[in-house]
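Notes follow once the structure below has been shown.
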Amino acid sequence: LEVATNLARLSPEIPEFSLRPAWILFNAGRHADAKTGYLAWLSRHGEDYSVPGLREVVRDARFVLSSISVELQQIDVAVEALEKILDEYPEDAAAMNDLGYLLVDENRSLKRALRMIHAAVEQEPENPMYRDSLGWAYFRLGDFDKAVTELEKAASEEPPDPIILDHLAEAQLAAGNLREAFAIWRRIQRMLKPNEQAPDQRDHNELRTKIKNKLRVELSTAEAQ
């Protein structure tokens, strides 16, 4: 961070150098400080169209700002960053997927989100993350059979992402397929291993707790029957 800060000070005319301290803070997990850095950088360069290649850097910075804001649970800031990307790059599949997924996860503007995610999937039909977003959108809209179909496609890669599998289990449960749902949750439970160094460890810890509670409910139901 010290080296990057000195480099930014010595070469203020190079926007990529002035962004590097904020990028390091983001990777260090110092999200609040990173957000401050990204917002300050975007206020200086976000509307600059004079430097060759800068627009791609601005686009990437807005993606990172969106990710940081999600970590800070500041969803409106994340949505705004992605919408600005789409203002400039209206066919950007990653931005359409990310914004669509954010809206779906927040249960907001579901039909708009579905349209954006559909457009992303049409561009990259083999992308499991986009398929996951599509399945999750159908789940939120109450179309559980379509949700299962899309989420099964998303989970077909090996090894499957535990979060995608959890979405599939939720869709199976909502579709009335209890046995399939609990089988998937037991599979996830076997997959997840505590690892303090993993970048997504917090999500996995939360998922592990959720699954433990789900399986406890399943066991109680079986005993009652």
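Quick look at the numbers
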{"quantity": "Of all residues in segment 21-33 being farther than 17 Å from Arg59 by Cβ and in a helix (DSSP H, G or I), the one that is most open to solvent (accessible area, probe 1.4 Å)", "calculated": "Asn27"}
{"quantity": "Yes/no for Arg44 being part of a helix (DSSP H, G or I) and farther than 22 Å from Leu102 by Cα", "calculated": "yes"}
{"quantity": "Which listed residue, of Pro15, Pro90, is surrounded by fewer than 17 Cβ atoms within 10 Å (Cβ to Cβ), farther than 28 Å from Glu170 by Cβ and of a type outside the set (Lys, Arg)", "calculated": "Pro90"}
{"quantity": "Residue identified as open to solvent by 10 Å² or more (accessible area, probe 1.4 Å), touching a helix residue (DSSP H, G or I) at 6+ places or on another chain (Cβ under 7 Å), in a helix (DSSP H, G or I) and of a type outside the set (Gly, Ala, Ser) among Glu122, Glu150, Glu157", "calculated": "Glu150"}
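The values are calculated or read from the model by the stated rules, or taken from the named source; none is laboratory data. The structure displayed is predicted, hence computed values, not measured ones. Methodologically, a virtual Cβ is constructed for each residue, glycine included, from the backbone with ideal geometry; neighbour enumeration extends over all protein chains shown. Areas reflect the complete protein model, heavy atoms only, side chains present, ligands, DNA and RNA absent. Shrake-Rupley method; radii C 1.70, N 1.55, O 1.52, S 1.80 Å.
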